[in-house]
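Since the structure comes first, as C-alpha cells, the remarks are kept for the end.
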Amino acid sequence: MNTAIKEDEDISYEITVKNQRYQASFCYFDTSRDPEVFMDALIDKFSDMLTNEQLTELKEAVKRAKKASGEQIETIQAELTSMMQKMILEQDGDAEPNPERALLFLTTLLDGMKSLADGDVWFMIHENYGRYNIGLYYDNLHNRPHGEDL
C-alpha cells in the first residue's frame, strides 16, 4: 500500500518496535529517448488485443500528436481517447461494453510501461545502530547517480 508518512509519525518507534518497513520503488525512463519510438513499442504490447489496423491507427495518432501545435493537441487527445475507448471497451462496433477487456487493457498498459522502463530505483529507510539512513538501490548501472544531485 502506498501512503505518505504522517508528519507526527514516530518512525523510530515504528521501525524498532513494530518492525515497520518504509520503502518505495520508481520506474526510470530516459528522457532523451524518442517518445514516438517508446509509444510505438508500447502500442505493440496490445497486439493480442487489437487488430493490425487499430495498432496502425493508434501509431498514426501518436505521430500526429507529436507534430501538432499547442491548440491542436487537445483535439488529437480527445480523438485518441475516443478511439481507444471504442477499441478497448467494445470488441466490435455493435458489442456491449466489456469491463473485463478494459481491465485487461489497463493491466497490459501498466505491464508494458514497466517492461519498457530503463530501470527501477528503490529506496528504503533503515536503521543502523540507532541511526536512520535512506538506502538507494538501482537495478542497473544506467540510472545510478554519478555524484550529481546527492
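The values are calculated or read from the model by the stated rules, or taken from the named source; none is laboratory data. Bear in mind the structure is a predicted one, so any value in this text is a computation, not a measurement. Here the Cβ is made from the backbone with ideal geometry for all residues, glycine too, and neighbour counts use every protein chain on show.
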ask   = Tell me, which helices (runs of 4 or more DSSP H) wholly within region 1-73 include 1 or more residues that are not assigned by TED's automatic domain parsing to the domain that holds Phe123?
value = 35-44, 52-67
note = Contact list, first residue from region 64-88 and of a type in the set (Phe, Trp, Tyr), second anywhere and outside any helix (DSSP H, G or I), beta-carbon distance below 6 Å, six or more apart or interchain, is none
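Only one of Asp10, Asp30 is loosely packed, with under 13 Cβ neighbours inside 10 Å and under 30 Å from Tyr129 (Cβ atoms); which?
Working: Asp30 fails: under 30 Å from Tyr129 (Cβ atoms).
Being loosely packed, with under 13 Cβ neighbours inside 10 Å and under 30 Å from Tyr129 (Cβ atoms) holds for just one of Asp10, Asp30, which is Asp10.
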task = State all residues of region 70-123 that are modelled with pLDDT of 75 or more, closer than 24 Å to Glu60 by Cβ and small (Gly, Ala, Ser); if no residue qualifies, say none.
result = Gly70, Ala78, Ser82, Ala102, Gly112, Ser115
